[in-house]
Every structure is written in C-alpha cells, then in structure tokens.
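Novice: Mind looking over this structure? Questions follow.
The values are calculated or read from the model by the stated rules, or taken from the named source; none is laboratory data. As the structure is a prediction and not an experimental result, all values here were calculated from the model. Every residue, glycine among them, receives a Cβ derived from its backbone with ideal geometry; neighbour counts consider all protein chains shown.
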Amino acid sequence: MSNGGSTAMRLAMRHPDLVRRQIIASTMHRRDGMPDGFWDGFDDADISQMPEPYLAADREINPDDPHHQQLLFDLDVTQMRDFTDWPAGDLAAMHTPTLFVSADRDVVLPAHTVEMANLAPDARVLIVPGNHGDYLGERLACAGDPATLRRTLPWLVDFLDQP
C-alpha cells in the first residue's frame with residue numbers, strides 16, 4: 001500500500017519471474033495523482049505529527065534503538081518529497097498481472113488508479129467505497145472495525161487465486 005506499492009511495482013518490472021501476481025493498493029505513479037495540497041505538507045513535516053499507534057509499534061519492534069523512529073520518518077518524508085513522476089512507459093512495461101485498488105475517498109485519486117490500470121498490460125482495477133487504508137483493515141483508518149476489509153477481501157483473494 002502507498003509507498004510499498006511503488007516498491008512492489010518496481011520489483012515486478014525488474015524481476016517479472018519473481019512475481020506471479022500483485023495487488024497494488026493506494027499507490028500513484030505521478031504527483032498529480034494526489035489531491036491538491038497533498039504535497040505541501042512535506043515541507044514542514046515533523047515526527048510529532050506521526051500518530052502514536054505507529055510510534056508505539058515501532059518502539060515494540062525496535063526497543064533498543066530510540067532513534068529508529070526518527071530515521072524511518074525522515075526516510076519516508078524524503079522519499080515522498082523527492083518523488084518524481086514515472087513515465088507511462090514504465091507501467092506499460094510491467095507485464096505482471098496486477099490489480100490496482102483504491103477507495104473512492106482515498107488519498108490517491110480514483111481516476112489516477114484507473115489510469116494506472118489502463119497503462120499496465122494485464123491489469124485490472126477495483127475502486128471500493130471507503131478511505132485510505134480502511135478497506136485493508138489499517139488500524140487507524142478503520143478504527144478497529146474490520147467490516148470494510150471483510151467486504152474487500154473476497155475480491156483480493158479471487159484475483160490472487162486466478163492462474
């Protein structure tokens with residue numbers, strides 16, 4: 001999801017023999033795939049804006065490294081701030097069967113998700129009702145309510161189960 005989707009697509013492009021099928025969720029390939037004002041927040045980003053459940057999860061995984069959270073935050077902000085548009089040809093060269101998924105009220109514009117699916121050969125698109133992350137059961141987005149995930153999951157499993 002999000003930045004992980006970009007990483008997964010690059011892996012599929014560079015090593016198609018290693019990826020049988022992939023689901024790319026809430027990911028963009030161009031800056032204009034995000035709503036107006038989205039990119040403005042990265043100029044003054046501060047770790048104090050990070051939700052506590054994410055910080056707590058990192059402390060649990062990395063109890064001996066109090067600087068890990070800041071390092072992770074800085075790397076993520078830098079990756080986002082420095083994001084450059086991908087040429088359409090990059091997606092056209094991705095031959096791994098792909099399901100592009102986003103929500104109708106996602107941080108990624110639904111039209112952008114549809115465009116990515118149209119550019120990539122052997123790609124499908126799924127736009128579900130919801131917000132960024134809630135359709136995948138992301139803890140903060142769904143507030144602990146897995147109902148949206150339960151509605152989305154059959155579509156994802158069906159796609160992955162196809163030969």
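Novice: Here are some residues: 40, 32. Which one is part of a helix (DSSP H, G or I) and either of a type outside the set (Asp, Glu) or touching a residue at least 12 places away in the same chain (Cβ under 8 Å) (or both)?
Specialist: Only one candidate passes the filter, namely 32.
Novice: I'm checking my understanding of the structure. Among residues of the range 43-64 that are touching a residue at least 24 places away in the same chain (Cβ under 8 Å) and assigned to a loop (DSSP other than H, G, I, E, B), which one is nearest to residue 138 (Cα to Cα)?
Specialist: 51
Novice: Restricting to the range 67-86, and then to whatever is of a type outside the set (S, T, N, Q) and surrounded by fewer than 10 Cβ atoms within 10 Å (Cβ to Cβ), can you tell me which residue is nearest to residue 38 (Cα to Cα)?
Specialist: Filtering the range 67-86 for residues that are of a type outside the set (S, T, N, Q) and surrounded by fewer than 10 Cβ atoms within 10 Å (Cβ to Cβ), the one nearest to residue 38 (Cα to Cα) comes out as 82.
Novice: When you go through (1) modelled with pLDDT of 95 or more; (2) over 30 Å from residue 46 (Cα atoms); (3) of a type in the set (A, V, I, L, M) one by one for residue 101, which number turns out not to apply?
Specialist: Of (1) modelled with pLDDT of 95 or more; (2) over 30 Å from residue 46 (Cα atoms); (3) of a type in the set (A, V, I, L, M), only one is false for residue 101: (2).
Novice: When the range 25-66 is examined, which residues are found to be loosely packed, with under 12 Cβ neighbours inside 10 Å and on the phi > 0 side of the Ramachandran plot?
Specialist: Of everything in the range 25-66, just one residue is loosely packed, with under 12 Cβ neighbours inside 10 Å and on the phi > 0 side of the Ramachandran plot, namely 37.
Novice: Here's another thing I want to ask about it. Taking the residues in the range 115-154 that are part of a loop (DSSP other than H, G, I, E, B) and touching a residue at least 40 places away in the same chain (Cβ under 8 Å) as candidates, determine which candidate is farthest from the chain's Cα centre (by Cα).
Specialist: The selected residue is 138.
Novice: With the checklist (1) touching a Pro at 6+ places or on another chain (Cβ under 9 Å); (2) modelled with pLDDT of 95 or more; (3) hydrophobic (A, V, I, L, M, F, W, C) in hand, flag the one item residue 107 doesn't pass.
Specialist: Single failed check for residue 107: (2).
Novice: Among the residues of the range 99-112, are any outside the structural domain of residue 25 (by TED's automatic domain parsing), assigned to a helix (DSSP H, G or I) and crowded, with 16+ Cβ neighbours inside 10 Å?
Specialist: Looking for residues that are outside the structural domain of residue 25 (by TED's automatic domain parsing), assigned to a helix (DSSP H, G or I) and crowded, with 16+ Cβ neighbours inside 10 Å, one finds none in the range 99-112, hence no.
Novice: If you go through the range 119-140 one residue at a time, do you hit one that is within 15 Å of residue 30 (Cβ to Cβ), in contact with a strand residue (DSSP E or B) (Cβ under 8 Å, 6 or more places away or on another chain) and either surrounded by fewer than 20 Cβ atoms within 10 Å (Cβ to Cβ) or not charged (D, E, K, R) (or both)?
Specialist: For the range 119-140, residues within 15 Å of residue 30 (Cβ to Cβ), in contact with a strand residue (DSSP E or B) (Cβ under 8 Å, 6 or more places away or on another chain) and either surrounded by fewer than 20 Cβ atoms within 10 Å (Cβ to Cβ) or not charged (D, E, K, R) (or both): present.
Novice: Of all residues in the range 54-113 being in contact with a Ser or Thr (Cβ under 8 Å, 6 or more places away or on another chain) and small (Gly, Ala, Ser), which is nearest to residue 10 (Cα to Cα)?
Specialist: Across the range 54-113, the extreme among qualifying residues is 102.
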